[in-house]
Amino acid sequence: MIPMPGTFQAGPLTARAIAPGDLDFVQALMARTEMNAHRPVPRPLPPQTIAKAHANDLAHWARHGFGRYIVHLKGNPMGLCGLTVRDGMAGLNLSYHLSPDDWGQGFATNLVQTLVDLAQTHLADHGPVYGLVRPANPASARVLLKSGFTRAEDLILGGAPTTRYIL
């Protein structure tokens, strides 16, 4: 299998593997009210919880050789995306979290389609690609459906209803 690249292009976006120095950006992004509107409890996570998730993202890269990326537009960070292994679920969890300032411009669709291509080229032995969406986030579900995913199952994750879409 060909190793996952540390950087990639998705239309006008550039993504690079998450790094320790990205924590301030990740905390600022995830502290935005709009980024938490679809969470079971719609308020920002404490900074220490975001820091722990960031450390887990770095450890995922070290353990698996792939994971989450910081997404840039015109050289400025504007989001996160990636493919990760999630305990208890077969396959690769595709995720994307973009700045609300950049919603509705097709960036999520570009990222999803590029991540799917990367998964098929570099990570095919990891099983299917799937996305997890809360019912309160129909825009995210539309991105996955537009990219060829189908609704697979409803489940409870983190104590809240979630729909799994699979490719």
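List of remarks:
- First in region 112-135 and hydroxyl-bearing (Ser, Thr, Tyr), second anywhere and open to solvent by less than 50 Å² (accessible area, probe 1.4 Å), Cβ under 6 Å, 6 or more apart: Thr114/Ala10; Tyr130/Gly91; Tyr130/Arg164; Tyr130/Ile166
- Residue in region 154-165 that is outside any strand (DSSP E or B) and open to solvent by less than 20 Å² (accessible area, probe 1.4 Å) present: no
- Pair list, Cβ under 7 Å, 6 or more apart: region 22-38 residue within 23 Å of Ala136 (Cβ to Cβ), other residue among the hydroxyl-bearing types (Ser, Thr, Tyr) and open to solvent by less than 60 Å² (accessible area, probe 1.4 Å): Leu29/Ser99
- A Cβ distance below 8 Å, combined with a sequence gap of six or more or placement on separate chains, defines the contacts here; from region 155-167, residues that are farther than 14 Å from Ala136 by Cα reach residues that are hydroxyl-bearing (Ser, Thr, Tyr) and assigned to a loop (DSSP other than H, G, I, E, B) in the pairs Leu167/Ser147.
- Test: residue in region 89-106 that is closer than 20 Å to Phe25 by Cβ, touching a strand residue (DSSP E or B) at 6+ places or on another chain (Cβ under 7 Å), part of a loop (DSSP other than H, G, I, E, B) and open to solvent by less than 40 Å² (accessible area, probe 1.4 Å): yes
- Hey, Leu73 touching a helix residue (DSSP H, G or I) at 6+ places or on another chain (Cβ under 7 Å), more than 13 Å from Leu115 (Cβ to Cβ) and at pLDDT below 95 or not: no
- Residue in region 140-150 that is within 13 Å of the chain's Cα centre (by Cα), within 18 Å of Ala15 (Cβ to Cβ) and part of a loop (DSSP other than H, G, I, E, B) present: no
The values are calculated or read from the model by the stated rules, or taken from the named source; none is laboratory data. Just so we're clear, the structure is a prediction, and the values are computed from it rather than from any experiment. Cβ atoms come from the backbone with ideal geometry, glycine included; neighbour counts cover every protein chain shown. These accessible areas exclude ligands, DNA and RNA; they are computed on the full protein's heavy atoms, side chains included. Shrake-Rupley method; radii C 1.70, N 1.55, O 1.52, S 1.80 Å.
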